[in-house]
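The values are calculated or read from the model by the stated rules, or taken from the named source; none is laboratory data. This structure is a prediction, so every number in the text was calculated from the model and none was measured. Here Cβ is always computed from backbone atoms with ideal geometry, including for glycine, and neighbour counts include all displayed protein chains. Heavy atoms of the whole protein, side chains included, go into the accessibility calculation; ligands, DNA and RNA do not. Shrake-Rupley method; radii C 1.70, N 1.55, O 1.52, S 1.80 Å.
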Amino acid sequence: MGKMKNTLRVALLFGGRSAEHEVSLTSAAAIYRNLNPDKYQVVSVFIDKAGRWRPVESPLLPSEQLDQGDFFSFLPWKQENSPISLEADIYFPILHGPFGEDGTMQGLFEIADVPYVGASVLASAAGMDKAVAKALFTSCHLPVAEYLTIKKIDWQKDRQACLEHIHGIFNPPFFVKPANMGSSVGITKVKEPGQTAQALELAFQYDQKILVEEGIAGRELECSVLGDENPKASLPGEVIPHREFYDYRDKYHEGKTRFGIPADLTPEIVTKVQGLALQAFRAIDCSGMARVDFFLQDKTQKLFLNEINTIPGFTQISMYPKLWEISGLPFQQLLEELITLGLERHRSRKHNLEWT
Ligand SMILES: Nc1ncnc2c1ncn2[C@@H]1O[C@H](COP(=O)(O)OP(=O)(O)O)[C@@H](O)[C@H]1O
Ligand SMILES: [Mg+2]
């Protein structure tokens, strides 16, 4: 048998309609470079900021070149009479934030009945919505910082009542954030009550629903999870923000954040982080991968779950693959496991459907 016969077609979907478009390009380039060419044939699919799809040679092209040529439309791989095929054995969305990480893209894969890497529709949507994720964590008795969800309509109806409600529960510093964003967009650390209204206005620019959260003074830890029915957790890492908190500038522009890989922690805390990461993964019914983020409170040494990311940053230096690397799973193998998990999941789900 020829070599081509044994290679699996992996469609990488990258770019996308979110504030994290650029991060996605870097993540896709790293994945592209690390997919073993003896095993995989890559179909590169660039999605522009307007949501249009286009097959490209590779994610390594400069962005001006990615942005040239014809676009495909809805259910692109079903497009007839096209010289170009987006058909693949498995789809690998490396799209962060809305329209990629939130279940919508996963829904498209389900409708088309194609295997894909990562979390299901439900887990993706639950993980993306910070209010829903927190509600699920709380229902599983997992520790989260005290929080409150506020809808835009309630804020618009009675701002004063909202402010009184917030100030009755939280003392500054507290955090105000949109439920459905990422990359720290729309987040404010409120340091005195006079700032609250403005913080809400900002967060409501990005979503109809926001969270107010008790500020936890402590360290920020992250843990990578991989698997399906029997997921495993990596060694934890630490993010040491350069600013007041880990904000957008710090994440993507200034690059002054420092990382502890692995985090310097006692064995007891490592075990606790890993246990909680796996519980959080199960709480949202996740599969494939996730990066689970924590706070380790300084004064109590208590852990709080912050959030779960179902398509974490995947650049060569991102926390998710780095943590696996130091836990004994190199980038290339990590990708193989993710692809295998996606294929198996599709197979077993098909089996379920046949029996119902
Ligand atoms: N409750 C909190 N206590 C302390 N710091 C917080 C809290 N919530 C958010 N932060 C800070 O803001 C950053 C971004 O918040 P996060 O909820 O992780 O949103 P994003 O999805 O944008 O990453 C965190 O990495 C942390 O530095
Ligand atoms: Mg975060």
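The solvent-accessible area of Phe204, taken with every protein chain present and a 1.4 Å probe, is close to 10 Å². Each Lys and Arg Cβ is given +1 and each Asp and Glu Cβ -1; about its Cα centre, the chain then shows a dipole of about 100 debye.
Along the axis of the charge dipole computed for region 147-214 (Cβ charges of +1 for Lys and Arg, -1 for Asp and Glu, origin at the Cα centre), the listed residues Ile169, Gln205, Thr149 are led at the positive end by Gln205.
If you roll a 1.4 Å probe over the chain with all protein chains in place, what percent of the accessible area is carbon or sulfur?
50
The listed residues Glu201, Glu164, once ranked by accessible area (1.4 Å probe) with the largest placed first, stand as Glu164, Glu201.
Calculate how many DSSP beta bridges within the chain are antiparallel, expressed in % of all such bridges and rounded to the nearest 5. The antiparallel proportion sits near 75 percent.
What shape does region 3-116 take by its C-alpha gyration tensor, where a ≥ b ≥ c are the square roots of the eigenvalues and a/c under 1.5 counts as rounded, a/b above b/c as prolate, and the rest as oblate? Rounded shape, in that the Cα axes give a/c under 1.5.
Along each principal axis, taking the top coordinate minus the bottom one, the Cα set of region 219-356 gives 53, 32, 27 Å in descending order.
Quick one: ranking Tyr116, Tyr147 by accessible area, 1.4 Å probe, largest first, what do you get?
Listed by decreasing accessible area, they come as Tyr147, Tyr116.
Can you give the calculated 222 nm mean residue ellipticity of the chain, where each DSSP H run of n ≥ 4 adds -39,500 (n - 2.57) and the sum is split over every residue, rounded to the nearest 500 deg cm²/dmol?
So the helix-based figure for the chain works out to -10500 deg cm²/dmol.
For region 3-116, relative contact order (Cα pairs under 8 Å, six or more residues apart, normalised by length) works out to 33 percent. Diagonalising the gyration tensor over the Cα atoms of the chain and scaling each eigenvalue by 5 before taking the square root yields semi-axes of 35, 23, 19 Å, largest first. Taking a straight line from the alpha carbon of Lys209, these aspartates and glutamates sit under 14 Å away, with near neighbours fewer than eight places off in the same chain left out: Asp129, Asp154, Glu201.
If DNA, RNA and ligands are ignored and the probe is 1.4 Å, what is the ranking of His167, His141 by accessible area, most exposed first?
Descending order: His141, His167.
Counting only protein heavy atoms and a 1.4 Å probe, the chain has 47 square angstrom of accessible area per residue. Each residue was assigned an accessible area with a 1.4 Å probe, and for Trp155 the value is about 10 Å². Electrostatic bookkeeping for Arg291 treats Lys and Arg as +1 and Asp and Glu as -1; over the other residues with beta carbon under 10 Å from its beta carbon, the sum is -3. The convex hull built on the alpha-carbon positions of region 147-214 has an orientation-averaged projected area of 3.8 nm².
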